[in-house]
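Novice: The structure is given below, and queries will be raised subsequently.
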Amino acid sequence: MGGDPGGASPDVVWQPGLIERAERWEATGQRGATVWFTGLSGSGKSTVAAAVERLLIADGRPAYMLDGDNIRHGLSGDLGFSDEDRGENMRRVAEVARLFADSGTVALVALISPYRAGRQSARAIHEDVGLEFLEVFVDTPLEVCEERDVKGFYALARAGQMPGFTGVDGPFERPEAPDLVLTPADGPAVAAATRVLDLLE
């Protein structure tokens, strides 16, 4: 396992390593996986993902959070927010998460990822090579996200200064069959994180 994921140029040959996936996972003491948190800006994706990361690390289990904002400082620093760029951003993050998962790390992706097709593609990138992919929908109502508005984005969007902002005048396609749905009724981040950990057991 852990071979060629496909999709590359026919002139590029996949270089196999000397370590099999099972050996990596034995070294880390766990199966690698990706948990993909999707939801509106301000829904709590990063907060819950960070809480999951903290619990996993405290238990001696390798984990790494890939936050959507942080990704755009480097890996996707050249991308904007057009439909095409959002799709490419999701593809890049999914490929990085796949590498983490293959290594025996739990990748925790916190990304708005508004389009269903993009999330399905991210899942396929993992499942096509035998890796677990768990979609967690952080289903916080728009009005609650707007009340939080910790980054001030909703105010800017309502003022017409951020056209196409997801949830205001940009679409968000709700997941049809997520592996887990979290709502504000689930309580604080640690309680929600515990539910995510249950998925990984």
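Novice: How large is the helix-only mean residue ellipticity at 222 nm for the chain, computed as the sum of -39500 (n - 2.57) over DSSP H runs with n ≥ 4, divided by its residue count, in deg cm²/dmol to the nearest 500?
Specialist: -12500 deg cm²/dmol
Novice: Tell me whether the chain comes out rounded, prolate or oblate; compute the Cα gyration tensor, take square roots of the eigenvalues as a ≥ b ≥ c, and use a/c under 1.5 as the rounded threshold.
Specialist: oblate
Novice: May I pose another question? Could you sort 174-184, 12-22, 105-115 so that the peptide with the highest average Cβ count within 10 Å comes first and the rest follow in order?
Specialist: The peptides rank, most packed first, as 105-115, 174-184, 12-22.
Novice: Using 0.36 nm times the number of residues separating L142 and R31, minus their current alpha carbon distance, what extension gain do you get?
Specialist: Value of the extension gain: 36.5 nm.
Novice: At 0.36 nm per residue, minus the direct Cα-Cα distance, what do D69 and V12 gain on full extension? Give it in nm, one decimal, please.
Specialist: 17.4 nm
Read-outs throughout are calculated quantities, based only on the coordinates presented, and are distinct from any laboratory measurement. Source: prediction; values computed, not measured. Quick reminder, even Gly has a Cβ in these numbers, built from the backbone with ideal geometry, and neighbours come from all protein chains shown.
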